[in-house]
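Here is the structure we will look at, set down as structure tokens.
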Amino acid sequence: MCEKNRKVSAWLSAVFGDQPVPEFEVNTRTIALLHQLAESSEARSREASLLMDDLRQKAVEYQADGAYHQDLLFQAVGLSSGSVSKTTSELLSAVEGVATALRVRDTAFGSFVPAINKLTSELSEAEKKDRKLNRDLNTLRKKMASTLVLRKNLQEDVNKTRQTQEVERAKADERLLNMEFVKNKSRDLTYRNKKAEEQLASRQMSTSLSHKAILELSERVSTLKQELQPLTKKLEPYADLSPVSNFRDEPIQFSNTNTLYLDVGRRELGGRNTVV
């Protein structure tokens, strides 16, 4: 356990360097986890160091191999590095750069052709993908435009609905106020009617003078007037005659034509009750 603590402390110091190590809860579990991280980090560091050493060694070998081939090329064609012109050197550097970019093993023409064909194929695939992406982008733009139009229409509908709701709410409030007014008025009229009935009852008013009795009497008068209309038409030819006595030989003085009509109507109706 002490060995793990020392190893973890050394690893944390190496990781944070000059910065202070954050505080953490020291227990068996945290020490075990940090110890595993320290071992993994050290293993990765060793692997990275080995890989860097290998790359350095390969770089030295490639440089030596390049120098050897360069000397061999110059000796074969009878040239030296000082005798090559600046333009030729630039062209050779460009060829080298193209070979590096194409990732070919040498600068032979047979090596460049497959690499260029591969790049052409990749370019064609990239153009196809680009066209497909453009079509998808146009489709998305159309859908977005339709969505924006739909959203605008929905917003307008929502605004109209809100305005309609406000108008309906105002109407409902007005109806409630009117209903409350009618209720208050009804209660007031009921109270006043009750008070009037109490006053009439206290004065011992006859039931024949009640509103209901007056309405019934009015209906009876209307009925009698309708029944008297045909009799009145029958008596119109006798309106200009001089006064005569009745069947009991009692003289009847008619002050006007209406009194005559009333008397004849009574005789025609016989035993019916009349209203004075």
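The values are calculated or read from the model by the stated rules, or taken from the named source; none is laboratory data. Being a predicted model, the structure only gives us computed values, none of them experimental. Note that we place each Cβ from the backbone using ideal geometry, even for glycine, and neighbour counts take in every protein chain shown. Ligands, DNA and RNA are excluded from the accessible area calculation, which covers all protein heavy atoms including side chains. Shrake-Rupley method; radii C 1.70, N 1.55, O 1.52, S 1.80 Å.
Give the number of residues within region 93-124 that are outside any helix (DSSP H, G or I) and within 60 Å of the chain's Cα centre (by Cα).
Initially, region 93-124 is screened for residues outside any helix (DSSP H, G or I), giving 103-108.
Next, from what is left, pick out any that are within 60 Å of the chain's Cα centre (by Cα): 103-104.
Result for region 93-124: 2.
Kindly indicate which of THR107, THR120 is hydroxyl-bearing (Ser, Thr, Tyr), touching a helix residue (DSSP H, G or I) at 6+ places or on another chain (Cβ under 8 Å) and either open to solvent by 70 Å² or more (accessible area, probe 1.4 Å) or more than 30 Å from GLY66 (Cα to Cα) (or both). Break it down stepwise before answering.
Working: THR120 fails: touching a helix residue (DSSP H, G or I) at 6+ places or on another chain (Cβ under 8 Å).
Answer to the check: THR107.
Which condition breaks for ALA99 when tested against (1) open to solvent by 80 Å² or more (accessible area, probe 1.4 Å); (2) within 30 Å of ASP65 (Cβ to Cβ)?
Condition (1) is where ALA99 drops out.
Of everything in region 22-61 that's under 15 Å from LYS7 (Cα atoms) and among the small types (Gly, Ala, Ser), which residue is most open to solvent (accessible area, probe 1.4 Å)?
SER40
Out of the residues in region 1-21 that are open to solvent by 70 Å² or more (accessible area, probe 1.4 Å) and not in a helix (DSSP H, G or I), state the one that is modelled with the lowest pLDDT.
That would be MET1.
Restricting the search to region 66-83, which residues are at pLDDT 65 or above and surrounded by 11 or more Cβ atoms within 10 Å (Cβ to Cβ)?
Listed by number, the residues that qualify are GLY66, HIS69, GLN70, ASP71, LEU73, PHE74.
Take ALA108 and decide whether it is of a type in the set (A, V, I, L, M, F, W, C) and modelled with pLDDT under 75.
Numbers: of a type in the set (A, V, I, L, M, F, W, C): yes; modelled with pLDDT under 75: yes.
In short, yes.
Any residue that is under 60 Å from the mean Cα position of the chain (by Cα), part of a helix (DSSP H, G or I) and surrounded by 10 or more Cβ atoms within 10 Å (Cβ to Cβ) - is there at least one of those in region 218-225? Don't jump to the end; show me each part of the working.
Narrowing region 218-225 to residues under 60 Å from the mean Cα position of the chain (by Cα): none.
No, region 218-225 has no match at all.
Going through region 1-19 one residue at a time, which ones are touching a His at 6+ places or on another chain (Cβ under 6 Å) and of a type in the set (Val, Ile, Thr)? Even if it seems obvious, please write down each step before you answer.
Step one: of region 1-19, the residues touching a His at 6+ places or on another chain (Cβ under 6 Å) are 4, 8.
Correct list: VAL8 only.
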